[in-house]
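Nothing in this text is a laboratory measurement; each read-out follows from the coordinates by a stated rule. Because the structure is predicted, anything quoted here is derived from the model rather than measured. Neighbour counts run over all protein chains shown; Cβ positions are idealised from the backbone, glycine included.
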Amino acid sequence: MSENNKFMDSFSTHGIANFKAFNDLQKIELAPITLIYGQNSGGKSSFIQSILCLAQSKLDIGNGQIKFSGENTEAGTFESILNKTENKNKKIIFEVLNKVFTNDIDKKNKAYFYIDAFDAINEYKIKYFISPSKDPSRGIIDKLEIKFTGYLSDLPLVFLKDDYSMNRTA
């Protein structure tokens, strides 16, 4: 990144639940270099597949869909991906946490227009709740939660899929 860039570092955490071997929400912090290692059948490939599912869905998320099979990965169908343990929540959950840190020198630099009230939106968590769709290689995002930090932490944004758009995109 350029030294003139206001945002010097960005870290992300990726979490998944009800996806293949992952029953409860499991999170891993991602860095420019992240090593994923562990025992055989421990979920390493499944974790990477979940990231690739989001990556190949970048154009479909706006329409409320996640592609489980596409150009980056063939994770399977919703039913084959869904964790099989007795769980009342039959939704796959993807969670992404982004943190953007502003350099303190840039805060004092008069060349930048800096408003510290916006610091709360520099760290946010997006949680996707995914249900099956008519196309088994896709899922429907029927709930989306966005949570910020600081003074906004008690005010999450929650978006629910309505019946009209569910029928339109499924």
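What translational D, rounded to a whole number of µm²/s, comes out for the range 30-82 from Stokes-Einstein when the hydrodynamic radius is the Kirkwood one over Cα pairs, at 10 °C and 1.306 mPa s? In µm²/s, the coefficient rounds to 130. Legend: calculated FRET efficiency, LEU155 to LEU35, from the Cβ-Cβ distance at R0 = 41 Å, rounded to 0.05, equals 0.70.
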